[in-house]
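Read the structure below first, then the notes.
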Amino acid sequence: MRYLLALPFCLVLLLNSACTPDIFKGMESKGKQTIQRANLYPYHLNADQSTMYSMELGFHDNMLSCLLLVQPDEAQKNTRIVCTSIFGATILDATISEKGMLIYDCAEQLRHKKVLRLLEKDLQTIFLKNLKGNDFKAKVYHKSYTNNESAIATDPILMNAGYSIKTTKGKYHYKTNEVEQKLTSIATDGKLTKGKMVFEYSDGEFQPNKITIEHPILHLSILLERTE
Amino acid sequence: MNKIFSLLLALCISASVSAQKALNAADAAEVEKSIEAQTSKLTTIKSNFKQTKHINGMSKDYVATGDMMYKKDNKVILNYTTPKKYKMVVNGEKVMMENNGKKNVYNTKGAGASMNEMQAMITACMTGNLQSLKNKYKLTYYEDGQNYLVKVVPITGKKIFKDIEMELKKSDKMLTRLRLTETAKAGKSGNDYTEYSFSGTEQNISLADSLFTIE
(Lines give C-alpha, C1' and ligand atoms only; values in the text may rest on other atoms or scores of the structure.)
Protein backbone atom coordinates (compact mmCIF):
# COMPACT_ATOMS: atom_id res chain seq x y z
CA MET A 1 0.00 0.00 0.00
CA ARG A 2 2.87 2.35 0.94
CA TYR A 3 4.45 1.67 -2.47
CA LEU A 4 1.17 2.52 -4.18
CA LEU A 5 1.09 5.86 -2.38
CA ALA A 6 4.60 6.63 -3.55
CA LEU A 7 3.65 6.00 -7.19
CA PRO A 8 1.82 9.33 -7.86
CA PHE A 9 4.69 11.18 -6.20
CA CYS A 10 7.23 9.46 -8.50
CA LEU A 11 4.99 10.14 -11.50
CA VAL A 12 4.87 13.85 -10.67
CA LEU A 13 8.67 13.90 -10.30
CA LEU A 14 9.09 12.08 -13.62
CA LEU A 15 6.68 14.38 -15.45
CA ASN A 16 8.35 17.43 -13.97
CA SER A 17 11.82 16.31 -15.10
CA ALA A 18 10.46 15.30 -18.52
CA CYS A 19 9.07 18.83 -18.97
CA THR A 20 12.40 20.44 -18.13
CA PRO A 21 14.23 21.29 -21.35
CA ASP A 22 17.57 19.48 -21.75
CA ILE A 23 19.63 22.66 -21.43
CA PHE A 24 18.04 23.37 -18.02
CA LYS A 25 18.83 19.94 -16.54
CA GLY A 26 20.10 20.33 -12.97
CA MET A 27 18.43 23.71 -12.61
CA GLU A 28 15.66 24.60 -10.22
CA SER A 29 12.29 25.71 -11.57
CA LYS A 30 11.20 29.14 -10.32
CA GLY A 31 7.80 29.13 -11.98
CA LYS A 32 6.34 31.63 -14.44
CA GLN A 33 7.58 35.20 -14.30
CA THR A 34 7.62 38.29 -16.48
CA ILE A 35 11.12 38.99 -17.69
CA GLN A 36 12.68 41.67 -19.83
CA ARG A 37 14.79 41.44 -22.96
CA ALA A 38 17.77 42.65 -20.92
CA ASN A 39 17.56 39.46 -18.82
CA LEU A 40 18.71 37.53 -21.90
CA TYR A 41 21.83 39.72 -22.23
CA PRO A 42 21.37 40.43 -25.93
CA TYR A 43 24.80 41.17 -27.36
CA HIS A 44 24.95 44.37 -29.33
CA LEU A 45 26.77 44.45 -32.62
CA ASN A 46 28.11 47.91 -33.38
CA ALA A 47 25.38 49.96 -34.98
CA ASP A 48 25.95 50.72 -38.66
CA GLN A 49 29.22 48.76 -38.56
CA SER A 50 29.67 45.43 -40.25
CA THR A 51 30.87 42.39 -38.34
CA MET A 52 32.33 39.50 -40.25
CA TYR A 53 32.05 35.82 -39.45
CA SER A 54 33.57 32.88 -41.25
CA MET A 55 30.77 30.37 -41.67
CA GLU A 56 30.96 26.62 -42.07
CA LEU A 57 27.82 24.80 -43.10
CA GLY A 58 27.85 21.08 -42.54
CA PHE A 59 25.16 18.84 -43.99
CA HIS A 60 25.71 15.11 -43.40
CA ASP A 61 29.33 14.65 -44.59
CA ASN A 62 29.44 17.75 -46.79
CA MET A 63 31.01 20.99 -45.67
CA LEU A 64 30.60 24.41 -47.26
CA SER A 65 32.70 27.38 -46.20
CA CYS A 66 31.45 30.90 -46.66
CA LEU A 67 31.38 34.33 -45.04
CA LEU A 68 28.63 36.05 -43.14
CA LEU A 69 28.59 39.82 -42.95
CA VAL A 70 26.22 41.34 -40.43
CA GLN A 71 25.35 45.01 -40.02
CA PRO A 72 22.62 46.40 -37.77
CA ASP A 73 20.69 49.37 -39.09
CA GLU A 74 19.54 51.40 -36.09
CA ALA A 75 17.22 53.65 -38.07
CA GLN A 76 15.44 50.79 -39.84
CA LYS A 77 15.48 48.56 -36.73
CA ASN A 78 16.75 45.64 -38.76
CA THR A 79 19.98 43.77 -39.38
CA ARG A 80 21.47 43.26 -42.82
CA ILE A 81 22.80 39.76 -43.41
CA VAL A 82 24.97 38.98 -46.40
CA CYS A 83 26.35 35.50 -46.94
CA THR A 84 28.96 35.14 -49.66
CA SER A 85 31.12 32.32 -50.91
CA ILE A 86 34.86 32.53 -50.19
CA PHE A 87 35.25 33.58 -53.83
CA GLY A 88 32.87 36.50 -53.42
CA ALA A 89 29.63 35.23 -54.98
CA THR A 90 26.56 36.28 -53.01
CA ILE A 91 24.68 33.34 -51.53
CA LEU A 92 22.12 35.28 -49.49
CA ASP A 93 21.45 38.99 -49.07
CA ALA A 94 18.64 39.81 -46.65
CA THR A 95 17.53 41.89 -43.71
CA ILE A 96 16.09 40.38 -40.56
CA SER A 97 13.84 42.10 -38.10
CA GLU A 98 11.17 41.13 -35.59
CA LYS A 99 8.80 40.93 -38.57
CA GLY A 100 10.84 38.29 -40.39
CA MET A 101 13.40 38.06 -43.16
CA LEU A 102 13.28 40.19 -46.30
CA ILE A 103 15.35 38.60 -49.07
CA TYR A 104 17.02 40.75 -51.72
CA ASP A 105 19.13 38.07 -53.34
CA CYS A 106 19.43 34.35 -52.90
CA ALA A 107 21.43 31.63 -54.66
CA GLU A 108 19.38 29.15 -56.69
CA GLN A 109 20.43 26.26 -54.43
CA LEU A 110 18.90 27.98 -51.38
CA ARG A 111 15.56 28.82 -52.98
CA HIS A 112 13.50 26.27 -51.09
CA LYS A 113 10.76 27.37 -48.70
CA LYS A 114 11.82 24.99 -45.92
CA VAL A 115 15.50 25.92 -46.15
CA LEU A 116 14.76 29.63 -46.12
CA ARG A 117 12.29 29.27 -43.23
CA LEU A 118 14.94 27.45 -41.18
CA LEU A 119 17.55 30.06 -42.05
CA GLU A 120 15.14 32.83 -41.09
CA LYS A 121 14.40 31.14 -37.79
CA ASP A 122 18.07 30.57 -36.97
CA LEU A 123 19.22 34.06 -37.95
CA GLN A 124 16.35 35.70 -36.07
CA THR A 125 17.16 33.61 -33.01
CA ILE A 126 20.91 34.34 -33.07
CA PHE A 127 20.34 38.08 -33.14
CA LEU A 128 17.29 37.83 -30.81
CA LYS A 129 14.96 39.20 -33.44
CA ASN A 130 12.55 36.35 -32.80
CA LEU A 131 11.25 38.14 -29.70
CA LYS A 132 8.82 40.98 -30.15
CA GLY A 133 8.80 43.79 -27.61
CA ASN A 134 10.67 44.00 -24.32
CA ASP A 135 8.62 42.06 -21.77
CA PHE A 136 7.95 38.34 -22.00
CA LYS A 137 6.21 35.73 -19.93
CA ALA A 138 8.77 33.03 -19.21
CA LYS A 139 9.18 29.86 -17.23
CA VAL A 140 12.28 30.60 -15.17
CA TYR A 141 15.01 28.19 -14.01
CA HIS A 142 17.93 28.97 -11.68
CA LYS A 143 21.18 27.31 -10.75
CA SER A 144 22.89 28.73 -7.69
CA TYR A 145 26.12 28.05 -5.84
CA THR A 146 26.49 28.08 -2.08
CA ASN A 147 29.93 28.10 -0.53
CA ASN A 148 29.50 25.51 2.24
CA GLU A 149 33.16 25.54 3.16
CA SER A 150 33.07 29.15 4.31
CA ALA A 151 32.79 29.67 8.07
CA ILE A 152 30.59 32.71 7.47
CA ALA A 153 27.11 32.01 6.13
CA THR A 154 26.78 33.49 2.65
CA ASP A 155 23.83 33.88 0.29
CA PRO A 156 23.80 31.51 -2.66
CA ILE A 157 25.27 33.03 -5.82
CA LEU A 158 23.12 32.79 -8.94
CA MET A 159 25.29 31.04 -11.55
CA ASN A 160 22.93 30.35 -14.44
CA ALA A 161 19.41 31.37 -15.35
CA GLY A 162 17.13 29.69 -17.84
CA TYR A 163 14.06 31.09 -19.55
CA SER A 164 11.49 29.18 -21.60
CA ILE A 165 9.55 31.60 -23.79
CA LYS A 166 6.65 30.90 -26.13
CA THR A 167 6.96 32.85 -29.36
CA THR A 168 4.98 32.84 -32.58
CA LYS A 169 7.64 30.55 -34.05
CA GLY A 170 7.67 28.02 -31.24
CA LYS A 171 9.12 27.55 -27.81
CA TYR A 172 12.64 28.87 -27.17
CA HIS A 173 14.84 28.10 -24.18
CA TYR A 174 17.53 30.64 -23.28
CA LYS A 175 20.37 29.94 -20.85
CA THR A 176 22.50 32.72 -19.41
CA ASN A 177 25.69 32.92 -17.39
CA GLU A 178 24.67 35.28 -14.58
CA VAL A 179 28.21 35.76 -13.26
CA GLU A 180 29.53 36.99 -16.61
CA GLN A 181 26.14 38.36 -17.67
CA LYS A 182 26.17 36.65 -21.05
CA LEU A 183 23.79 34.59 -23.13
CA THR A 184 25.37 31.13 -23.45
CA SER A 185 22.92 28.91 -25.28
CA ILE A 186 19.50 28.72 -26.90
CA ALA A 187 17.52 25.56 -27.55
CA THR A 188 14.62 25.51 -29.97
CA ASP A 189 11.77 23.04 -30.10
CA GLY A 190 10.38 21.65 -33.32
CA LYS A 191 9.83 18.30 -34.94
CA LEU A 192 12.54 18.36 -37.57
CA THR A 193 14.08 21.71 -36.88
CA LYS A 194 14.80 21.12 -33.18
CA GLY A 195 18.15 22.71 -32.53
CA LYS A 196 20.70 24.14 -30.15
CA MET A 197 22.86 27.24 -30.38
CA VAL A 198 25.94 27.75 -28.24
CA PHE A 199 27.62 31.14 -27.83
CA GLU A 200 31.30 31.34 -26.83
CA TYR A 201 33.08 34.52 -25.80
CA SER A 202 36.70 35.63 -25.49
CA ASP A 203 37.74 37.06 -22.13
CA GLY A 204 36.32 40.51 -21.51
CA GLU A 205 34.26 40.54 -24.73
CA PHE A 206 30.51 40.96 -24.90
CA GLN A 207 30.11 39.81 -28.48
CA PRO A 208 30.40 36.05 -29.03
CA ASN A 209 33.44 35.08 -31.08
CA LYS A 210 32.05 31.65 -31.86
CA ILE A 211 28.44 30.53 -32.43
CA THR A 212 27.59 26.88 -33.03
CA ILE A 213 24.17 25.88 -34.35
CA GLU A 214 23.11 22.26 -34.53
CA HIS A 215 19.99 20.65 -35.93
CA PRO A 216 20.69 16.98 -35.12
CA ILE A 217 17.62 15.52 -36.80
CA LEU A 218 18.46 17.29 -40.05
CA HIS A 219 22.20 16.48 -39.68
CA LEU A 220 22.80 20.18 -40.22
CA SER A 221 25.40 22.22 -38.38
CA ILE A 222 26.53 25.83 -38.73
CA LEU A 223 29.69 27.26 -37.19
CA LEU A 224 30.21 31.01 -37.10
CA GLU A 225 33.57 32.44 -36.06
CA ARG A 226 34.03 36.19 -35.80
CA THR A 227 36.99 37.26 -37.92
CA GLU A 228 36.96 41.03 -37.20
CA MET B 1 20.93 64.57 -49.51
CA ASN B 2 21.03 60.99 -50.79
CA LYS B 3 20.18 62.20 -54.30
CA ILE B 4 23.06 64.69 -54.22
CA PHE B 5 25.42 61.98 -53.00
CA SER B 6 24.22 59.57 -55.72
CA LEU B 7 24.72 62.26 -58.35
CA LEU B 8 28.26 62.97 -57.14
CA LEU B 9 29.00 59.24 -57.12
CA ALA B 10 27.64 58.83 -60.65
CA LEU B 11 29.79 61.75 -61.81
CA CYS B 12 32.90 60.19 -60.22
CA ILE B 13 32.17 56.83 -61.88
CA SER B 14 31.54 58.33 -65.31
CA ALA B 15 34.75 60.37 -64.92
CA SER B 16 36.77 57.22 -64.23
CA VAL B 17 35.25 55.40 -67.23
CA SER B 18 35.87 58.34 -69.51
CA ALA B 19 39.58 58.16 -68.59
CA GLN B 20 39.59 54.98 -70.69
CA LYS B 21 39.19 55.58 -74.40
CA ALA B 22 36.76 53.29 -76.26
CA LEU B 23 38.36 51.49 -79.20
CA ASN B 24 36.75 51.40 -82.63
CA ALA B 25 35.87 48.05 -84.21
CA ALA B 26 39.12 47.74 -86.19
CA ASP B 27 41.34 48.58 -83.21
CA ALA B 28 39.29 46.30 -80.93
CA ALA B 29 39.75 43.40 -83.38
CA GLU B 30 43.49 44.08 -83.42
CA VAL B 31 43.70 44.12 -79.63
CA GLU B 32 41.60 40.97 -79.40
CA LYS B 33 43.94 39.23 -81.84
CA SER B 34 47.03 40.24 -79.90
CA ILE B 35 45.49 39.09 -76.58
CA GLU B 36 44.57 35.76 -78.13
CA ALA B 37 48.03 35.35 -79.65
CA GLN B 38 49.53 35.95 -76.24
CA THR B 39 47.14 33.70 -74.30
CA SER B 40 47.47 30.85 -76.82
CA LYS B 41 51.16 30.67 -75.85
CA LEU B 42 50.27 30.37 -72.18
CA THR B 43 50.76 27.00 -70.55
CA THR B 44 50.90 28.07 -66.92
CA ILE B 45 50.30 31.19 -64.79
CA LYS B 46 51.28 31.82 -61.19
CA SER B 47 50.15 35.03 -59.56
CA ASN B 48 49.38 36.68 -56.23
CA PHE B 49 45.88 38.05 -55.85
CA LYS B 50 43.92 40.40 -53.66
CA GLN B 51 40.18 39.82 -53.58
CA THR B 52 37.88 42.65 -52.54
CA LYS B 53 34.18 42.09 -52.01
CA HIS B 54 32.20 45.31 -51.94
CA ILE B 55 28.62 45.26 -50.73
CA ASN B 56 26.59 48.43 -50.94
CA GLY B 57 25.46 49.61 -47.54
CA MET B 58 28.11 47.66 -45.61
CA SER B 59 30.56 49.77 -43.66
CA LYS B 60 33.66 48.01 -45.01
CA ASP B 61 34.83 45.77 -47.81
CA TYR B 62 35.90 42.19 -47.28
CA VAL B 63 39.50 41.68 -48.39
CA ALA B 64 41.25 38.35 -48.86
CA THR B 65 44.65 37.55 -50.33
CA GLY B 66 46.38 34.49 -51.69
CA ASP B 67 47.95 33.02 -54.81
CA MET B 68 46.53 31.60 -57.98
CA MET B 69 47.95 28.91 -60.25
CA TYR B 70 46.68 27.94 -63.68
CA LYS B 71 47.75 25.11 -65.93
CA LYS B 72 46.41 24.53 -69.41
CA ASP B 73 43.66 23.41 -70.15
CA ASN B 74 41.41 23.44 -67.15
CA LYS B 75 43.42 23.32 -63.95
CA VAL B 76 43.17 26.17 -61.43
CA ILE B 77 44.24 26.56 -57.81
CA LEU B 78 43.08 29.45 -55.62
CA ASN B 79 45.07 29.34 -52.43
CA TYR B 80 43.75 31.82 -49.86
CA THR B 81 46.19 32.79 -47.13
CA THR B 82 44.45 35.71 -45.36
CA PRO B 83 42.21 36.26 -43.44
CA LYS B 84 41.73 32.48 -43.42
CA LYS B 85 43.52 29.61 -45.09
CA TYR B 86 41.34 28.08 -47.75
CA LYS B 87 42.12 26.23 -50.96
CA MET B 88 40.14 25.50 -54.09
CA VAL B 89 41.45 23.18 -56.80
CA VAL B 90 39.68 22.85 -60.15
CA ASN B 91 40.77 19.99 -62.36
CA GLY B 92 38.46 19.45 -65.31
CA GLU B 93 35.01 18.66 -63.99
CA LYS B 94 36.24 18.05 -60.46
CA VAL B 95 36.43 20.73 -57.77
CA MET B 96 38.08 20.27 -54.39
CA MET B 97 37.62 22.67 -51.47
CA GLU B 98 39.98 22.38 -48.53
CA ASN B 99 39.38 24.11 -45.21
CA ASN B 100 41.13 23.30 -41.93
CA GLY B 101 42.43 20.06 -43.43
CA LYS B 102 38.91 18.95 -44.37
CA LYS B 103 38.50 18.23 -48.07
CA ASN B 104 35.27 18.21 -50.04
CA VAL B 105 35.24 17.05 -53.64
CA TYR B 106 32.44 18.01 -56.03
CA ASN B 107 31.72 17.17 -59.62
CA THR B 108 30.58 20.21 -61.58
CA LYS B 109 28.96 17.96 -64.20
CA GLY B 110 25.78 17.74 -62.15
CA ALA B 111 26.07 21.19 -60.62
CA GLY B 112 23.65 22.87 -63.02
CA ALA B 113 24.10 24.95 -66.14
CA SER B 114 24.52 28.30 -64.39
CA MET B 115 27.29 26.98 -62.10
CA ASN B 116 29.16 25.47 -65.07
CA GLU B 117 28.76 28.64 -67.05
CA MET B 118 30.06 30.77 -64.19
CA GLN B 119 33.10 28.51 -63.76
CA ALA B 120 33.88 28.57 -67.50
CA MET B 121 33.43 32.33 -67.68
CA ILE B 122 35.63 33.11 -64.65
CA THR B 123 38.36 30.76 -65.89
CA ALA B 124 38.19 32.39 -69.35
CA CYS B 125 38.49 35.85 -67.80
CA MET B 126 41.34 34.92 -65.46
CA THR B 127 43.33 33.41 -68.31
CA GLY B 128 42.33 36.01 -70.90
CA ASN B 129 40.67 33.44 -73.18
CA LEU B 130 38.22 35.91 -74.71
CA GLN B 131 37.32 33.81 -77.75
CA SER B 132 35.35 31.37 -75.61
CA LEU B 133 33.15 34.20 -74.29
CA LYS B 134 32.03 35.69 -77.58
CA ASN B 135 28.90 33.56 -78.03
CA LYS B 136 27.17 34.66 -74.87
CA TYR B 137 28.80 37.98 -74.01
CA LYS B 138 29.27 41.34 -75.68
CA LEU B 139 32.88 42.48 -75.47
CA THR B 140 33.79 46.18 -75.58
CA TYR B 141 37.39 47.37 -75.58
CA TYR B 142 38.88 50.49 -73.99
CA GLU B 143 42.44 51.66 -73.48
CA ASP B 144 44.53 54.12 -71.53
CA GLY B 145 48.29 54.72 -71.55
CA GLN B 146 49.23 51.42 -69.91
CA ASN B 147 46.24 49.10 -70.04
CA TYR B 148 43.46 47.64 -72.08
CA LEU B 149 40.06 47.39 -70.43
CA VAL B 150 37.66 44.76 -71.70
CA LYS B 151 34.06 45.10 -70.62
CA VAL B 152 32.17 41.82 -70.80
CA VAL B 153 28.37 42.10 -70.73
CA PRO B 154 26.13 39.00 -70.83
CA ILE B 155 23.65 38.95 -73.70
CA THR B 156 22.05 35.52 -73.25
CA GLY B 157 21.42 33.06 -70.44
CA LYS B 158 21.15 33.84 -66.74
CA LYS B 159 22.59 37.25 -66.00
CA ILE B 160 24.35 36.54 -62.72
CA PHE B 161 26.67 39.43 -63.38
CA LYS B 162 25.75 42.85 -64.73
CA ASP B 163 29.18 43.07 -66.29
CA ILE B 164 32.77 41.97 -65.94
CA GLU B 165 35.71 44.32 -66.32
CA MET B 166 39.10 42.93 -67.24
CA GLU B 167 42.18 45.11 -67.15
CA LEU B 168 45.17 43.79 -69.06
CA LYS B 169 48.65 45.27 -69.24
CA LYS B 170 49.46 46.48 -72.76
CA SER B 171 53.05 45.24 -72.52
CA ASP B 172 52.41 41.53 -71.90
CA LYS B 173 48.58 41.30 -72.13
CA MET B 174 48.49 39.85 -68.64
CA LEU B 175 45.39 40.32 -66.49
CA THR B 176 45.99 42.78 -63.66
CA ARG B 177 42.43 43.38 -62.48
CA LEU B 178 39.13 41.56 -62.79
CA ARG B 179 35.89 43.03 -61.48
CA LEU B 180 32.66 41.06 -61.45
CA THR B 181 29.69 43.35 -60.86
CA GLU B 182 26.50 41.63 -59.75
CA THR B 183 23.12 42.55 -61.19
CA ALA B 184 21.17 45.09 -59.10
CA LYS B 185 18.76 43.62 -56.58
CA ALA B 186 15.15 44.61 -56.11
CA GLY B 187 14.87 47.07 -53.24
CA LYS B 188 18.60 47.84 -53.21
CA SER B 189 20.45 50.60 -54.96
CA GLY B 190 23.80 50.19 -56.62
CA ASN B 191 25.75 47.08 -57.50
CA ASP B 192 27.88 44.81 -55.39
CA TYR B 193 31.10 43.61 -56.89
CA THR B 194 34.06 41.30 -56.35
CA GLU B 195 37.40 42.55 -57.59
CA TYR B 196 40.57 40.53 -58.04
CA SER B 197 43.89 42.37 -58.41
CA PHE B 198 46.80 40.29 -59.65
CA SER B 199 50.47 40.99 -59.03
CA GLY B 200 53.82 39.22 -59.33
CA THR B 201 52.52 37.23 -62.30
CA GLU B 202 54.81 34.57 -63.74
CA GLN B 203 54.07 32.86 -67.05
CA ASN B 204 54.96 29.45 -68.44
CA ILE B 205 56.80 28.28 -65.37
CA SER B 206 56.95 24.65 -64.37
CA LEU B 207 53.89 23.60 -62.34
CA ALA B 208 53.70 19.89 -61.56
CA ASP B 209 50.46 18.09 -62.44
CA SER B 210 50.49 16.62 -58.95
CA LEU B 211 49.66 20.10 -57.55
CA PHE B 212 46.26 19.87 -59.21
CA THR B 213 45.53 16.27 -58.31
CA ILE B 214 42.13 15.77 -56.67
CA GLU B 215 41.72 12.60 -54.66
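The values are calculated or read from the model by the stated rules, or taken from the named source; none is laboratory data. Since we're looking at a predicted model, the values are computed, not measured. No Cβ is skipped: glycine too gets one built from the backbone with ideal geometry, and neighbour counts run over all protein chains shown.
Some notes on this structure:
- Residue check, B:K71 of a type in the set (D, E, K, R), touching a residue at least 60 places away in the same chain (Cβ under 8 Å) and touching a Gly at 6+ places or on another chain (Cβ under 7 Å): no
- For A:P216, the criteria (1) more than 20 Å from A:G31 (Cα to Cα); (2) buried (at least 17 other Cβ atoms within 10 Å of the Cβ); (3) touching a strand residue (DSSP E or B) at 6+ places or on another chain (Cβ under 8 Å) hold in every case but one, which is (2).
- When restricted to residues that are crowded, with 16+ Cβ neighbours inside 10 Å and at pLDDT below 95, the range A:202-212 contains 1.
- Number of the exception - A:P42 against (1) more than 29 Å from B:V90 (Cβ to Cβ); (2) touching a residue at least 24 places away in the same chain (Cβ under 8 Å); (3) outside any loop (DSSP other than H, G, I, E, B): (3)
- One residue from A:N134, A:N147, A:N78 being surrounded by 20 or more Cβ atoms within 10 Å (Cβ to Cβ) and farther than 22 Å from A:L220 by Cα: A:N78
- Any hit, the range A:54-69, residues being without any contact (Cβ under 8 Å) to a residue 40 or more places away in the chain, more than 9 Å from chain B (Cβ to nearest Cβ) and out of contact with any Pro (no Cβ under 7 Å at 6 or more places or on another chain): yes
- Taken over the range A:104-121, residues that are in contact with a strand residue (DSSP E or B) (Cβ under 9 Å, 6 or more places away or on another chain) and under 15 Å from B:T183 (Cα atoms) amount to 4.
- Residue selection: B:T65 fails the criterion of being under 25 Å from B:T183 (Cα atoms), within 10 Å of chain A (Cβ to nearest Cβ) and of a type in the set (S, T, N, Q).
- When B:N74 is tested against the conditions (1) under 17 Å from B:F49 (Cβ atoms); (2) more than 9 Å from chain A (Cβ to nearest Cβ), the lone failure is (1).
- Residues in the range A:170-228 that are more than 14 Å from chain B (Cβ to nearest Cβ), among the acidic types (D, E) and in a strand (DSSP E or B) were compared, and the one that is farthest from A:D61 (Cα to Cα) is A:E200.
- Scanning the range A:29-53 for residues that are closer than 23 Å to A:A161 by Cβ and in contact with a Leu (Cβ under 9 Å, 6 or more places away or on another chain), we see that the one that is nearest to the other protein chains (Cβ to nearest Cβ) is A:Y43.
- Residues (of a type in the set (S, T, N, Q), away from chain A (no Cβ under 14 Å), in contact (Cβ under 8 Å) with a residue 40 or more places away in the chain and not in a helix (DSSP H, G or I)) located in the range B:21-60: B:T43, B:T44, B:S47, B:N48
- Total residues in the range A:84-108 satisfying the condition of being facing chain B (nearest Cβ under 8 Å) and more than 22 Å from B:V63 (Cα to Cα): the figure is 3.
- Put simply, of B:T176, B:T194, B:T201 the only residue that is modelled with pLDDT of 90 or more, under 23 Å from A:I86 (Cβ atoms) and in contact with a Gly (Cβ under 8 Å, 6 or more places away or on another chain) is B:T194.
- Lone unmet requirement of (1) under 17 Å from the mean Cα position of the chain (by Cα); (2) surrounded by fewer than 20 Cβ atoms within 10 Å (Cβ to Cβ) for B:V76: (2)
- None of A:A94, A:A107 is over 23 Å from the mean Cα position of the chain (by Cα) and over 30 Å from A:Q33 (Cβ atoms) except A:A107.
- So B:L168, is it surrounded by 14 or more Cβ atoms within 10 Å (Cβ to Cβ), out of contact with any His (no Cβ under 9 Å at 6 or more places or on another chain), at pLDDT 90 or above and within 30 Å of A:T95 (Cα to Cα): no
- Evaluating A:L57 against the criteria (1) more than 23 Å from B:V89 (Cα to Cα); (2) out of contact with any helix residue (DSSP H, G or I) (no Cβ under 6 Å at 6 or more places or on another chain) leaves one unmet condition, (1).
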